[in-house]
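Each reported figure results from applying straightforward, stated rules to the coordinates on display, with no laboratory input. No experiment lies behind these values; they were computed from the predicted model shown. We place every Cβ from the backbone using ideal geometry, glycine too, and count neighbours over all the protein chains shown.
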Amino acid sequence: MKAMVACDFACLRGALKGVLFSSLFVSVVVLVGMGSFYILPACLTAMVFLTLINNLFAYDELNDWQGLRLTMPITRTQTVQGRYVSALLLVLYGAVAGIVLTVVLMGIAVVVQSIPAGSAFAAGLLANGDWQGIALSAFAGIALSMLIAAVMLPVMLRNGLTKGIRVLPVMFALVVIMLLALGQGVMQMPQPVGLIAWLQTDIGAIAAILAILVISVVLFAASCFIAIKLYARREL
Amino acid sequence: MDIIISNSSTVPIYGQIGSQIETLIMTGQLQAGDRLPSIRALANDLRISAITTKRAYSELESKGFIESVPGKGCFVAGGNAELLREQHLRRIESLLQQAADEARTGNVSNRELRDMVDLILESEDDG
Amino acid sequence: MDNLLAIRGLCKKYDGFALYDVDLTVPAGSVVGFIGTNGAGKTTTIKSALGATVPDGGSIELFGQDVQAMSESRSAELKQHVGAVFDACSFPSGMNVRAIASMMACLYGAWDATGFERRCAEFGLSSDKKVKELSRGMGMKLMLACALSHNASLLVLDEATAGLDPMARDEVLDTLRSFMVGECTSSADPGASCERGILISSHITSDLEKIADYIVCIDAGRIVFAVEKDAITETAGIARCRADQFARVREDATFGDMRFMTHSYGTDILVDDRFAFQESFPDITVDRATIDEYMSLRLKGGIR
C-alpha cells in the first residue's frame, strides 16, 4: 500500500505545482465574482483535490498501467486502500494550498487597498475575511471534498475514468437531490431554537465543525469498504 | 567444445550433437569426469530448443557415454569410453559376420561384398 | 516443481468472444511460444493467468498452487516470482526511471537495485528519463529490466518485441537466454532451487523459432495445437506438389489426414514427418516447415 501511495505521488509530481497556478487564476475570478474571501479556501480545496484525483485515474487507464499493476505483488484491496490514502492526502494538500493562496490573495488585497483606485473594492473584500471564517471555510472544504471522494472513488475504481466520468454527474445529481430533500425535511421540522443559538457560539461552532468532519471521515471509510468490494470483481 | 550443427543434414539435430560429443569423448578431447554444459546453456549457445539438447544428452546417457548427477550437471562417464568402444567393435563384428553369411547364402562374391561396403561408406561421407 | 504455470479448461465469455477449454502449460526450464491471429485470445488467456480477469471456468495453477482457491494476499505473494512485460510501456507516464526503481523496491522483497542499474546501463536507460520521453523500444526495455531484477521464476511477455528492430530483438532474445540459464529460489520451498520459464506470446515467429521449446497456437478462443517447436521446425515439412503428385499422395493412405492448400503454382501439403514422406515420395520437393507455414496450414488448410 505504501508503494501505491508513493507511486501515486511520483506520478503527480509535476501536477502538484501546476495545479496551484491554475487554481490561483480561478481563485481571482471567484474572488472578484463573489466579493468575499470566505468562499475561497473551500473552493480551492475541492478544486485542487478534484484536478489531482482525476489525474491519478487518468494515469491508471493510460497504457494499461492498472493491468500491469495487477501483475505485481499488491492485492486489489491494497490498491484501493492506497488510492483512498492518496485521496485523503490530496484533500489535505488542497486545504493547505487553499489557505496559503487565500493568505497570498489577502496580502495582495492589502497592497491594492493602499492604491486609491482599488481601495474601496479591496476594503470590501477584506471586510469579509477574518481568520475564523477562513479556517471554517477550509474545514468545510475538507469535509466537502471527502464527501465528493466518498461518492466518486467507488464509481471511478469500478468503471475507470472514461466510463466513470459519464456515471458521475448522475450520481452527484442523486446525492444533491437527496440532500435537498433532507434539507427540506429538516426545514419543515420545528426549529430547535436552543440548538441554533448554541451553534452560533464559538464552542457550538467548533463542535459542529468536528461533527461534520467526523461524519465525513466515517462516510469516507465506509466508501473505502464499498470500493474494495467493487474493485475485487473488476475486469481489467 | 566445438559443435557444428547443419540445418541441411538429414540427420536430426539431436543426433548430430550426440555423435559429435561421442567423437569428442572417443578421441579424448573430452576426458572422463569433464563437466558438460548444462542442457539450457548448450541450447542457448547453439540457438536451439532445450528439448533437443535434453534428448541428445538422454541418448548419450543411455549409451553410457555420460552420467547426470542431480543438482550438479552432466559429466563424461569415467573409464567407460574404452569399454564402449570395445562394445561397438564387437557389435560391428557381429553385424559384418551376418552380412558375410547373407552373402554366402545369396551367392554374392567377396569382391561384390567389399564393393558394397565401399559404396555405403562413400555415400556416408557425402551425406 | 514440474510446471510453473498450468492452465486447464479455462473458459471466459465476453460479448462476441469466448475462451473455451483452454489448456496452457509452462514446464519449469522451458520457453513456451504462444501464437495466434489478432483477437484469437492470447492476451485474454495471459490476463486470466495473471489474475487481471476472473475466469468463468477452469483452473489456474501458478507454481503448482491453485490461484483461485487462495487468498488475495497469498496470490500477491506468488506474484513476487512473476515478471510481466507488455507491448507498450505501461508505467505511468509521469514517473521517471529512478521513481520506478524505488516503487519496485517497495513492492518486491527480492529487488536487486544494482542489477537493475546495470541492466538500465546496458539498455541505455538513464535514471532521469521520464516514461513519456521513452521511445517504444526503450519503454519495453525498461519493463524488461524491471521484470528481470527481482529474481522472478516466470517471465510473461505479451507481444513484447513487437515494436523493436531486428537487432534490438536479438539483444532481447540474448537477455532472455541468460535469464533461462540462471536459477532462482522456488516460491513453494524456499530451500530448493527451481528452473525458470518464459511464456512469450508473439507474432514474430522467427523469434520463437530461435528461442522456444514449445509452441501453442490459439484460434477463436480455442487451442488448435500445442507441440514441441522441434516437431514443427525439425520433423515436419511442407511438400510442394504438382497436380499429378498431389493426386498420388491423396491415394496413399499411410500418412493419414494431412492439411493442404492449393495455390496457383501447386499444392502445399503439411507432413508431420518429412523424412518418412521423402522416402515414400522421393520425387516430391519437401521443405522444412516454418512456424508461420505450419500455423497457416493447420488453421486454414483443407483436410485430405
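Give me the number: length gained by fully extending C:Ser206 to C:Ala162, i.e. 0.36 nm times residue separation minus the C-alpha to C-alpha distance, one decimal in nm.
Numbers: separation 44, 0.36 × 44 = 15.84 nm, distance 1.20 nm.
Result: 14.6 nm gained on full extension.
For B:Lys72, give me every one of the lysines with a C-alpha distance below 22 angstrom, ignoring sequence neighbours fewer than eight places off in its own chain.
Of all the lysines, those that pass the test against B:Lys72 - Cα under 22 Å, at least 8 places apart if same chain - are B:Lys54, B:Lys63.
Could you give the C-alpha radius of gyration of the protein assembly as shown expressed as a fraction of 2.2 N^0.38 Å, taking N as the number of residues it contains?
On the way: Rg = 35.6 Å, N = 667, 2.2 N^0.38 = 26.0 Å.
Here the Cα radius of gyration is 1.37 times the empirical estimate.
Rounded to the nearest 0.05, what FRET efficiency is calculated for A:Ile108 and C:Lys13 with R0 set to 60 Å and r the Cβ-Cβ distance? Write down the numbers at each step before the final one.
Working: r = 61 Å, r/R0 = 1.02.
Step by step, r from the Cβ atoms, then E = 0.45.
Find which of B:Asn7, C:Thr175, C:Gly301 sits farthest along the positive direction of the dipole of the protein assembly as shown, computed with +1 on the beta-carbon of Lys and Arg, -1 on that of Asp and Glu, about the Cα centre.
C:Thr175
Have a look at C:Gly139, C:Gly58, C:Gly29 and tell me which one the Gaussian network model of chain C (Cα, springs below 10 Å) gives the largest fluctuation.
Maximum fluctuation in the GNM of chain C, among the listed residues, is at C:Gly58.
Based on Cβ point charges of +1 for Lys and Arg and -1 for Asp and Glu, what charge dipole magnitude is obtained for the protein assembly as shown about its Cα centre, in debye rounded to the nearest 20?
Numbers: 56 positive and 69 negative charges, 686 e Å.
That gives a dipole near 3300 debye.
Looking at the square roots a ≥ b ≥ c of the eigenvalues of the Cα gyration tensor of the stretch B:3-45, which shape do they give, rounded for a/c under 1.5, prolate if a/b is larger than b/c, or oblate?
On the way: a/c = 2.86, a/b = 1.37, b/c = 2.08.
It comes out oblate by the Cα gyration axes.
Where the centroid of each part is defined by its Cα atoms, how far is the stretch A:141-206 from the stretch C:49-87 in Å?
The distance from the Cα centre of the stretch A:141-206 to that of the stretch C:49-87 comes to 40 Å.
Under unit Cβ charges (Lys, Arg +1; Asp, Glu -1), what dipole magnitude, rounded to 20 debye, does chain C have relative to its Cα centre? If you can, show how the numbers build up before the last one.
Working: 31 positive and 43 negative charges, 178 e Å.
Result for chain C is approximately 860 debye, rounded to the nearest 20.
What number comes out for the charge environment of C:Arg8, summing +1 per Lys or Arg and -1 per Asp or Glu over other residues with Cβ under 13 Å away? Could you put the intermediate results ahead of the total?
Details: positive: none; negative: C:Asp21, C:Asp23, C:Glu61, C:Asp66.
Combined, the nearby Lys, Arg, Asp and Glu give -4.
Would you work out which of A:Ile108, A:Ser23, A:Ala149 lies farthest towards the positive end of the dipole of chain A, given +1 charges on the beta-carbon of Lys and Arg and -1 on that of Asp and Glu, about the Cα centre?
My answer, from the dipole projection, is A:Ala149.
Given the C-alpha centroids of the stretch A:15-40 and the stretch A:47-66, what is the distance between them in whole angstrom?
22
Taking +1 at the Cβ of each Lys and Arg and -1 at the Cβ of each Asp and Glu, which of A:Leu50, A:Ala10, A:Met34 sits farthest along the dipole of the stretch A:1-117 towards its positive end, judged by Cα position relative to the Cα centre?
Selected residue: A:Ala10.
With viscosity set to 1.306 mPa s at 10 °C, what whole-number translational diffusion coefficient in µm²/s follows for the stretch C:61-162 from Stokes-Einstein and a Kirkwood radius over Cα pairs?
Working: Rh = 14.2 Å.
In µm²/s, the coefficient is 112.
Taking chain B as a Gaussian network, Cα atoms linked when under 10 Å apart, which of B:Ile25, B:Ile48, B:Ile13 shows the biggest mean-square fluctuation?
Highest fluctuation among the options: B:Ile48.
Taking the beta-carbon count within 10 Å as an exposure proxy, list A:Val176, A:Val151 from fewest neighbours to most. Walk me through the numbers before you get to the answer.
Working: A:Val176 10, A:Val151 16.
The order, fewest Cβ neighbours first, is A:Val176, A:Val151.
In whole angstrom, note down how far apart the Cα centers of the stretch A:93-115 and the stretch B:22-86 are.
Distance between centres, Cα-based: 81 Å.
Give the order of C:Phe116, C:Phe34, A:Phe9, C:Phe17 when sorted by the count of other beta carbons within 10 angstrom, beginning with the fewest.
Details: C:Phe116 22, C:Phe34 29, A:Phe9 17, C:Phe17 13.
With the sparsest Cβ surroundings first, the list reads C:Phe17, A:Phe9, C:Phe116, C:Phe34.
Pairs of Cα atoms under 8 Å, at least six residues apart: use those to get the relative contact order of chain C, whole percent. Display every interim value, and only then the final one.
Working: 570 pairs, mean separation 61.3, N = 304.
Averaging sequence separation for qualifying contacts and normalising by length gives 20 percent for chain C.
Quick one: Karplus J couplings for the stretch A:227-234, per residue in order, coefficients 6.51, -1.76, 1.60, θ = phi - 60°, nearest Hz, x for Gly and Pro?
Taking θ as phi minus 60°, the curve returns 4, 4, 4, 5, 6, 4, 9, 6 Hz for the stretch A:227-234.
Which FRET efficiency, nearest 0.05, do A:Lys17 and A:Leu89 yield, Cβ-Cβ r, R0 22 Å? Mind dumping the intermediate values first?
On the way: r = 16 Å, r/R0 = 0.72.
For A:Lys17 and A:Leu89, the calculated efficiency is 0.90.
What is the Cα coordinate range of chain B on the first, second and third principal axes, sorted by size from largest, in whole angstrom?
57, 34, 22
In the stretch A:167-236, what is the volume of the convex hull around the alpha carbon atoms, normalised per residue and reported in Å³? Let's see the in-between values first.
Working: hull volume 8.1 nm³, N = 70.
Taking only Cα atoms, the stretch A:167-236 has a hull volume of 116 Å³ per residue.
Hey, in the GNM for chain A with a 10 angstrom Cα cutoff, which one of A:Thr75, A:Thr51, A:Thr201 fluctuates hardest?
Residue with maximal mean-square fluctuation among A:Thr75, A:Thr51, A:Thr201: A:Thr201.
By its C-alpha gyration tensor, with a ≥ b ≥ c as the square roots of the eigenvalues, how is the stretch C:211-304 shaped: rounded for a/c under 1.5, else prolate for a/b larger than b/c, else oblate? Please report the intermediate quantities before stating the final value.
Values: a/c = 2.00, a/b = 1.51, b/c = 1.33.
Here the stretch C:211-304 falls in the prolate category.
Please state the shape class of chain A: rounded when a/c is under 1.5, otherwise prolate if a/b exceeds b/c and oblate if not, all from the C-alpha gyration tensor.
On the way: a/c = 2.34, a/b = 1.42, b/c = 1.65.
Since a/c reaches 1.5 but b/c is at least a/b, the shape of chain A is classed as oblate.
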